[in-house]
Every structure is written in structure tokens, then in C-alpha cells.
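See below for the structure under consideration.
The values are calculated or read from the model by the stated rules, or taken from the named source; none is laboratory data. Everything numeric here is computed off the predicted structure, so don't read it as measured data. Using ideal geometry, Cβ is built from the backbone for each residue, glycine included, and neighbour counts are taken over all protein chains shown.
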Amino acid sequence: MTTGITYAIASRFVSNARFEIAEFIRKVTSLVPFDIYVVMMLLYFMNIRLPWFIYEISGNIGRANAFLSMFMIGIVFEVPKNLRQLGDVFKLLFIRYSVSALASIILYTSPIFSLEVRQILIILLFSPVSGVNVISTLRCNADVEKSGAINSISIILSLIIMTFLIQSFGY
């Protein structure tokens with residue numbers, strides 16, 4: 001979702017363009033991370049293994065991911081400059097966590113999965129906003145400062161909420 005589909009949907013809303021499936025597919029497939037996910041899923045389902053050195057090289061590149069994510073968040077992190085922007089940030093976060101709370105209640109009372117699976121899914125509902133969203137915001141020519149603030153504040157809030165949930169569930 002965060003490496004392609006969310007961007008394609010958001011860019012449509014930002015541009016106020018009419019939804020066209022061809023344009024949606026073009027935007028989604030023009031993003032390298034999404035394409036790599038699709039190729040890797042196909043290889044997995046076809047039970048095709050890549051040569052060992054590809055895993056070695058990609059593992060080395062992947063180790064830099066945590067640093068690059070924190071670096072990017074550090075670059076875009078800014079406290080909103082005015083009360084209106086700060087209000088927008090907290091309004092969006094309130095909506096996000098309210099929807100997560102409602103989904104958690106529905107999920108917890110639903111007997112579809114075992115209790116452990118439901119608890120893990122509830123914890124995941126409160127995970128932070130993806131750092132990739134800041135890049136998508138930039139590509140949509142939208143408010144990157146607000147996106148960075150939402151991302152940074154959601155990390156703090158999510159860590160608190162997820163820690164509380166883990167303690168509540170007795171893990």
C-alpha cells in the first residue's frame with residue numbers, strides 16, 4: 001500500500017482528476033519499490049530462488065534502511081509553524097487513531113481469528129505512519145512539513161500506545 005497504491009490514490013485527490021484505471025495502474029507500476037514487491041511475490045509463489053549473492057547484496061543494502069528512514073524523518077521533522085497547521089496535524093492524527101481504536105474494538109470482539117492473532121493485529125493497527133508517505137507527499141506537491149510532523153508525532157504516539165497494548169495483553 002505505502003509503496004505505490006496509497007500514492008496513486010492520493011495523487012488523484014490532490015489533482016482533483018477523474019479516476020482512470022489506466023492512469024492509476026501507470027502510477028502504481030512506475031514506482032520501483034512496488035514493482036520489486038510484485039516481482040518478489042511472483043518469484044515466491046512460483047518457488048523460484050535467486051542466486052545467493054543477490055540475497056547477500058540486497059541484505060547489505062537493506063541494512064542501511066533504518067538509518068535512511070531516521071535520516072529522512074530528521075530532515076522533514078519540523079514543529080508546525082502556526083496553530084492552524086498544528087491543529088490540522090492533531091486533527092488528522094485524532095482521526096487516524098480513532099479509526100484504529102474502532103477497528104480494534106470490532107476486531108477484538110470478532111471470533112474470526114484466535115485471540116493471539118487478534119491481539120497482534122490490534123497492535124499493528126496502531127503502528128506509526130509510514131515514512132514513505134513523506135516522499136509521496138513531496139511527489140504530490142502537498143504540504144511536506146505537515147506530513148513530516150504527522151509522521152514524527154505518530155512515531156511517538158504509536159510507541160506509547162503499542163507499549164501499553166503489549167503490556168495489557170501480557171506479552
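Please determine, by comparing only the residues of the range 124-168 that are part of a helix (DSSP H, G or I) and of a type in the set (Ser, Thr, Tyr), which one is farthest from LEU83 (Cα to Cα). That would be SER168.
Determine if the range 46-62 includes at least one residue that is within 19 Å of the chain's Cα centre (by Cα) and on the phi < 0 side of the Ramachandran plot. Within the range 46-62, one or more residues are within 19 Å of the chain's Cα centre (by Cα) and on the phi < 0 side of the Ramachandran plot. Restricting the first member to the range 65-78 and to residues that are assigned to a helix (DSSP H, G or I), and the second to residues that are among the charged types (D, E, K, R) and modelled with pLDDT of 70 or more, the beta-carbon pairs closer than 8 Å and six or more apart or on different chains are VAL76/GLU145. Of the set (1) of a type outside the set (A, V, I, L, M, F, W, C); (2) modelled with pLDDT of 90 or more; (3) more than 20 Å from ILE160 (Cα to Cα), all apply to ARG118 but (3). The residues in the range 1-58 that are in a helix (DSSP H, G or I) and either modelled with pLDDT of 80 or more or more than 21 Å from VAL129 (Cβ to Cβ) (or both) can be counted, and the count is 31. Would you confirm whether any residue within the range 136-145 is at pLDDT below 90, in contact with a Phe, Trp or Tyr (Cβ under 8 Å, 6 or more places away or on another chain) and among the hydrophobic types (A, V, I, L, M, F, W, C)? Within the range 136-145, one or more residues are at pLDDT below 90, in contact with a Phe, Trp or Tyr (Cβ under 8 Å, 6 or more places away or on another chain) and among the hydrophobic types (A, V, I, L, M, F, W, C). Output yes when any residue across the range 8-29 is under 30 Å from LEU165 (Cβ atoms), exposed (fewer than 11 other Cβ atoms within 10 Å of the Cβ) and not polar (S, T, N, Q), and no when none is. So far as the range 8-29 goes, no, none of its residues is under 30 Å from LEU165 (Cβ atoms), exposed (fewer than 11 other Cβ atoms within 10 Å of the Cβ) and not polar (S, T, N, Q).
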